[in-house]
Amino acid sequence: MRSYLTKEHFLDKAMKLLTAAFAFSLLLCTMQHGIARTISHEQNAKHLNKPVVPALLAFGDSIFDSGNNNQLQTMLRSDFLPYGEDFITHRPTGRFCNGRIPTDFIASKLGIKELLPAYLSTSLSNEDLITGVSFASGGTGFDPITSQLAAAIPMTEQLEMFKKYREKVKGILGERGAKELLAQSAYLIVGGSNDLASLYFSSPLRSSRYDSSSYADFLLHSASSFIQELIQLGARKIGIVGIPPIGCVPSQRTLQGGFARGCASIQNEVAQIYNSRLTKELEEIKKRHQNTTLVHLDIYAFLFDMIEHPTKYGFEVSYIGCCGTGLLEAAFLCNPMTLTVCTNVSRYIFWDSFHPTEKAYSVLVNYIYKNYFHHLVS
């Protein structure tokens with residue numbers, strides 16, 4: 001026997017089907033909206049590029065000096081061509097390089113900004129201040145005599161500048177905001193190279209009083225005092241660059257490397273003594289300041305390998321600089337009247353007889369960032 005649907009049964013089933021279809025449609029719409037919202041959030045996060053830390057603050061010598069020496073009466077300046085010829089603006093800025101320097105690359109990698117300006121720049125904005133500046137001065141060192149000879153800003157004076165900087169930040173962000181900024185920011189310190197190259201091995205002012213081991217201790221004590229005062233002023237994330245193989249830079253090869261211009265081994269030995277003791281000293285400081293992160297950014301072995309095996313890193317020339325003869329020219333000796341500048345700077349590790357090229361700095365910063373910065377900014 002056949003079964004037929006009555007009119008009432010047909011309408012009832014139709015309503016149930018319509019209700020189910022509507023519910024499914026509503027569910028599908030909700031899911032699509034949720035997926036779209038998730039994708040939107042991911043895209044927003046991707047494009048926000050929130051900085052790893054709010055600011056970068058740098059102290060030390062010409063490796064981090066982005067123009068402070070421009071404001072000084074000193075021969076150790078670089079605010080003239082050919083310095084800066086490969087900079088973004090193709091103009092000299094006071095950076096001792098053909099282009100950008102480590103602090104620029106690091107500020108960029110941290111997502112803060114592309115360039116780290118000099119604190120003494122005459123065009124600093126409030127935004128420049130709260131995202132970080134450099135207090136570094138070309139020619140300075142941990143030994144106060146070093147900065148006197150170079151007419152550079154002593155490390156102690158850089159701390160005084162930092163105190164003034166703190167007051168300016170308080171005026172912008174208020175007491176609480178400034179304290180948080182200072183605690184969350186990254187701090188970088190570089191020094192020691194000029195103490196060895198320009199003072200200890202170039203004059204009797206220190207070498208007549210200290211043997212190499214005791215002078216390394218002298219520098220370490222000065223560096224330790226600087227770090228601890230910086231901590232007292234609010235720093236909590238501090239990276240300290242060790243002394244590089246200073247005996248292998250072109251000028252020291254020329255002055256101390258003999259007829260063959262080999263690496264000056266005694267300078268490298270003192271650098272290694274200092275570096276090994278620096279690691280131990282930082283551990284002692286951390287015991288006294290347990291809420292502070294201290295990281296030794298040890299570049300000695302990596303840079304030495306770059307110099308000894310340049311082709312491994314995309315270079316060809318590591319024993320002379322690009323500017324002039326590459327044997328002694330640096331600062332005022334590498335100037336617009338320099339007879340020659342190398343035609344292909346990308347082949348060179350050193351820009352002048354003391355400072356690396358922008359490309360070499362980029363390689364070096366990639367190594368530092370990969371191996372040390374997760375400890376510093378975590």
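The values are calculated or read from the model by the stated rules, or taken from the named source; none is laboratory data. This structure is a prediction, so every number in the text was calculated from the model and none was measured. Note that each Cβ is placed from the backbone with ideal geometry, even for glycine, and that neighbours are counted across all protein chains shown. What goes into the accessible areas is simple: the full protein's heavy atoms, side chains included, and nothing from ligands, DNA or RNA. Shrake-Rupley method; radii C 1.70, N 1.55, O 1.52, S 1.80 Å.
Values computed for the structure shown
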read-out	value
Filter pass, residue 341 being in contact with a Pro (Cβ under 7 Å, 6 or more places away or on another chain) and among the aliphatic types (A, V, I, L, M)	yes
Filter result (touching a Gly at 6+ places or on another chain (Cβ under 8 Å) and either in a loop (DSSP other than H, G, I, E, B) or at pLDDT below 95 (or both)) within region 98-107	98, 99
Residue in region 160-177 that is closer than 21 Å to residue 75 by Cβ and open to solvent by 10 Å² or more (accessible area, probe 1.4 Å) present	no
Out of 230, 205, 188, sole residue that is farther than 22 Å from residue 299 by Cα, in contact (Cβ under 8 Å) with a residue 12 or more places away in the chain and under 18 Å from the mean Cα position of the chain (by Cα)	230
Meets criteria (within 30 Å of residue 333 (Cα to Cα) and among the hydroxyl-bearing types (Ser, Thr, Tyr)) for residue 203	yes
Test set (1) more than 24 Å from residue 94 (Cβ to Cβ); (2) part of a strand (DSSP E or B) - residue 349 fails condition number	(1)
Neighbours by Cβ (under 6 Å, 6+ apart or cross-chain): first from region 322-337, outside any helix (DSSP H, G or I); second surrounded by fewer than 16 Cβ atoms within 10 Å (Cβ to Cβ) and polar (S, T, N, Q)	323/338; 324/338
Neighbours by Cβ (under 7 Å, 6+ apart or cross-chain): first from region 260-285, closer than 13 Å to residue 241 by Cα; second open to solvent by 40 Å² or more (accessible area, probe 1.4 Å) and not in a helix (DSSP H, G or I)	275/298
Index of the failed condition, residue 196 passing every other in (1) part of a helix (DSSP H, G or I); (2) open to solvent by 10 Å² or more (accessible area, probe 1.4 Å); (3) in contact (Cβ under 8 Å) with a residue 60 or more places away in the chain	(2)
Which numbered condition residue 315 misses (of (1) in a helix (DSSP H, G or I); (2) within 19 Å of residue 368 (Cβ to Cβ); (3) in contact (Cβ under 8 Å) with a residue 24 or more places away in the chain)	(1)
Members of region 212-255 that are over 26 Å from residue 157 (Cα atoms) and of a type outside the set (A, V, I, L, M, F, W, C)	212, 213, 245, 247, 250, 251, 252, 253, 254
Neighbours by Cβ (under 7 Å, 6+ apart or cross-chain): first from region 209-224, under 15 Å from residue 197 (Cα atoms); second outside any helix (DSSP H, G or I) and among the charged types (D, E, K, R)	219/143
Qualifying positions in region 52-62 - more than 22 Å from residue 375 (Cα to Cα) and open to solvent by 10 Å² or more (accessible area, probe 1.4 Å)	none
Within region 296-351, tally of residues that are crowded, with 18+ Cβ neighbours inside 10 Å and charged (D, E, K, R)	2
Residue check for residue 359: at pLDDT 95 or above, over 16 Å from residue 63 (Cα atoms), in contact with a helix residue (DSSP H, G or I) (Cβ under 8 Å, 6 or more places away or on another chain) and not hydrophobic (A, V, I, L, M, F, W, C)	no
Subset of region 67-81 [open to solvent by less than 10 Å² (accessible area, probe 1.4 Å) and part of a loop (DSSP other than H, G, I, E, B)]	67, 78
Residue within region 239-246 that is within 18 Å of residue 142 (Cβ to Cβ) and in a helix (DSSP H, G or I) present	yes
The lone exception for residue 185 - which of (1) surrounded by 14 or more Cβ atoms within 10 Å (Cβ to Cβ); (2) within 30 Å of residue 267 (Cβ to Cβ) it fails	(2)
Single residue of 111, 94 found to be at positive phi, open to solvent by 10 Å² or more (accessible area, probe 1.4 Å) and assigned to a loop (DSSP other than H, G, I, E, B)	111
